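**Student:** Shown below is the structure under consideration.
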Amino acid sequence: MKAPQDIILTPVITEASMANVQLKKYTFKVAKDANKLEIVKAVEQLFPGTKVAKINTVNCRGRFKRMGRTGGYRPSYKKAIVTLTEGSKTIEFFDTML
């Protein structure tokens, strides 16, 4: 079994993801081999007082980038959009970003 820190890698901070914070939807970059049940357990362990209602996962392909004549691909990653229940406590990290 993996540690929660190995499953949830980083928060995704974009304009679209920060607009969903008021709806209690938080976006994280997660390990590629993590499934939804592992992500639920990791979020509830890393952020005490939170209860997960729903999870949506997205496999994001690496984009093609050029540097002069040479081109390459950015690394692929998996993204999870976590929706918390109504009575759940919010995640403080995202509250400080607003």
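The values are calculated or read from the model by the stated rules, or taken from the named source; none is laboratory data. Since this is a predicted model, take the numbers as computed values, not measurements. Please note: Cβ atoms are built from the backbone with ideal geometry, for glycine as well, and neighbour counts cover all protein chains shown. For the accessible areas, the whole protein counts, side chains as well, though only heavy atoms, and no ligand, DNA or RNA atoms are used. Shrake-Rupley method; radii C 1.70, N 1.55, O 1.52, S 1.80 Å.
**Student:** So which residues in region 5-27 are more than 17 Å from Lys89 (Cα to Cα), under 10 Å from the mean Cα position of the chain (by Cα) and not in a helix (DSSP H, G or I)?
**Tutor:** Those that are more than 17 Å from Lys89 (Cα to Cα), under 10 Å from the mean Cα position of the chain (by Cα) and not in a helix (DSSP H, G or I): Ile8, Leu9, Thr10, Pro11, Val12, Ile13.
**Student:** If you check Ala42, Ala34, which single one turns out to be in a helix (DSSP H, G or I), surrounded by 16 or more Cβ atoms within 10 Å (Cβ to Cβ) and touching an Asp or Glu at 6+ places or on another chain (Cβ under 9 Å)?
**Tutor:** Ala42
**Student:** Testing Lys51 on (1) more than 14 Å from the chain's Cα centre (by Cα); (2) modelled with pLDDT under 95; (3) not β-branched (Val, Ile, Thr), one condition comes back false. Which one is that?
**Tutor:** The failed condition is (2).
**Student:** Six or more apart or on different chains, Cβ atoms under 6 Å: show the pairs whose first residue is in region 80-98 and within 16 Å of Lys29 (Cβ to Cβ) and whose second is in a helix (DSSP H, G or I).
**Tutor:** The qualifying pairs are Ala80/Ile39; Val82/Val43; Phe94/Val21.
**Student:** Of everything in region 16-31, what is touching a Leu at 6+ places or on another chain (Cβ under 8 Å) and either among the β-branched types (Val, Ile, Thr) or open to solvent by less than 60 Å² (accessible area, probe 1.4 Å) (or both)? Give them in sequence order.
**Tutor:** Met18, Val21, Lys24, Tyr26, Phe28, Val30, Ala31
**Student:** Filter region 45-74 for residues that are open to solvent by less than 100 Å² (accessible area, probe 1.4 Å), part of a loop (DSSP other than H, G, I, E, B) and out of contact with any strand residue (DSSP E or B) (no Cβ under 8 Å at 6 or more places or on another chain) and give the result.
**Tutor:** The answer is Phe47, Pro48, Gly49, Gly68.
**Student:** Out of region 2-15, which residues are among the charged types (D, E, K, R) and either under 18 Å from Tyr77 (Cα atoms) or surrounded by 11 or more Cβ atoms within 10 Å (Cβ to Cβ) (or both)?
**Tutor:** Residues satisfying the conditions are Lys2, Asp6.
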